[in-house]
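Have a look at the structure below, then the notes.
The values are calculated or read from the model by the stated rules, or taken from the named source; none is laboratory data. Here the structure is a predicted model, which means the values were calculated and not measured. Here Cβ is always computed from backbone atoms with ideal geometry, including for glycine, and neighbour counts include all displayed protein chains.
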Amino acid sequence: MVEHHRKSYTANRVVIKLSGSIFGEDTNERKIRAYADMFSSIKEIQPIVISGGGRIARHYIDLARSLGSDEANLDIMGINVSRLNARLLLAALQDKAYPKIPKDLEEVALAAESGKIVITGGLHPGQSTNATSALIAEIVNASRFLNATDVDGIYDSDPNINNNAKLLKTITVQQCLRLLEGESSMAGTYDLMDIVALKVIERSKIPTRILKAEISNILNSIQSGIQIGTEIVS
Ligand code: UTP
């Protein structure tokens with residue numbers, strides 16, 4: 001009898017954390033459509049996109065904090081706003097994207113099996129969309145994790161204070177962890193990369209890059225291999 005060996009096939013997946021700064025009161029149809037079109041133009045690579053909460057999330061979190069809400073509930077609020085942002089992208093992508101916003105890691109993994117673009121928001125309280133994205137990169141076995149944010153990458157000093165601050169081409173996980181020491185971990189204030197994200201990147205050696213969330217940057221980085229921003233090496 002002929003034995004059938006099933007060839008294992010792993011899709012080439014890229015996880016993209018899309019900064020919440022893309023979404024907000026001033027976001028218009030054209031902008032969301034441009035991001036959606038960019039994601040659907042990507043060939044032979046399956047984008048798994050996590051949208052951030054942005055200013056609206058922070059506004060709601062600040063309001064609820066002043067009303068007496070605890071941190072876990074504030075995180076849940078942030079997650080819900082990030083899911084609303086994800087829904088905007090989903091509205092523009094229509095049937096090019098998996099039709100449901102996954103609510104946990106296993107749902108993300110299942111959604112990825114569809115082969116379609118997957119759009120999600122936050123998943124668990126106590127972390128940022130960066131940490132969530134790193135965990136997603138792990139569970140979908142992504143070849144890369146792009147953290148598309150509102151800055152160009154990681155600088156050797158604060159560019160808002162120091163005019164001569166230099167953008168780093170690479171940084172190690174350990175150096176990132178040192179930069180993070182003493183940072184706050186309250187709802188709405190998780191930074192560029194948090195400890196959970198860095199630990200996940202380190203343990204699974206996920207090739208990670210921080211870059212500004214401009215359409216051409218994201219597309220070039222995925223399709224043309226042009227190195228933009230800062231690479232985190234584990
Ligand atoms: P983020 O702070 O990650 O979104 O999520 P953002 O606006 O994209 O951030 P940056 O500045 O562009 O990187 C908003 C808030 O939602 C909660 C946290 O309180 C977070 O600060 N959140 C998000 C979670 O608790 N868990 C998640 O998985 C995601």
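Restricting the first residue to region 124-148 and requiring it to be more than 9 Å from the ligand (Cβ to nearest atom), which pairs with a second residue that is aromatic (Phe, Trp, Tyr) meet a Cβ separation below 8 Å and a spacing of at least six or different chains?
Here the result reads ALA134/PHE145; ALA137/PHE145, each pair linking region 124-148 to a residue that is aromatic (Phe, Trp, Tyr).
How about region 157-191: which of its residues are basic (Lys, Arg), modelled with pLDDT of 90 or more and either within 16 Å of the ligand (Cβ to nearest atom) or not in a loop (DSSP other than H, G, I, E, B) (or both)?
Within region 157-191, none qualify.
With (1) free of Cβ contacts under 8 Å to residues at least 40 places away in the same chain; (2) more than 11 Å from the ligand (Cβ to nearest atom); (3) on the phi < 0 side of the Ramachandran plot as the list, and ILE117 as the residue in question, which single condition is left unmet?
The single condition ILE117 does not satisfy is (1).
What single numbered condition from (1) without any contact (Cβ under 8 Å) to a residue 24 or more places away in the chain; (2) among the polar types (S, T, N, Q); (3) surrounded by 15 or more Cβ atoms within 10 Å (Cβ to Cβ) fails to hold for ASN85?
(1)
Given the conditions (1) among the charged types (D, E, K, R); (2) assigned to a loop (DSSP other than H, G, I, E, B); (3) more than 18 Å from THR230 (Cα to Cα), which single one is not true for ASP152?
Among (1) among the charged types (D, E, K, R); (2) assigned to a loop (DSSP other than H, G, I, E, B); (3) more than 18 Å from THR230 (Cα to Cα), ASP152 violates only (3).
Out of GLY24, GLY68, GLY52, which single residue is at pLDDT 95 or above and touching a Gly at 6+ places or on another chain (Cβ under 9 Å)?
GLY52
Take ILE222 and tell me if it is surrounded by 16 or more Cβ atoms within 10 Å (Cβ to Cβ) and of a type in the set (Val, Ile, Thr).
Criteria met by ILE222.
Please determine, by comparing only the residues of region 25-64 that are in a loop (DSSP other than H, G, I, E, B) and within 14 Å of the ligand (Cβ to nearest atom), which one is surrounded by the fewest Cβ atoms within 10 Å (Cβ to Cβ).
GLU25
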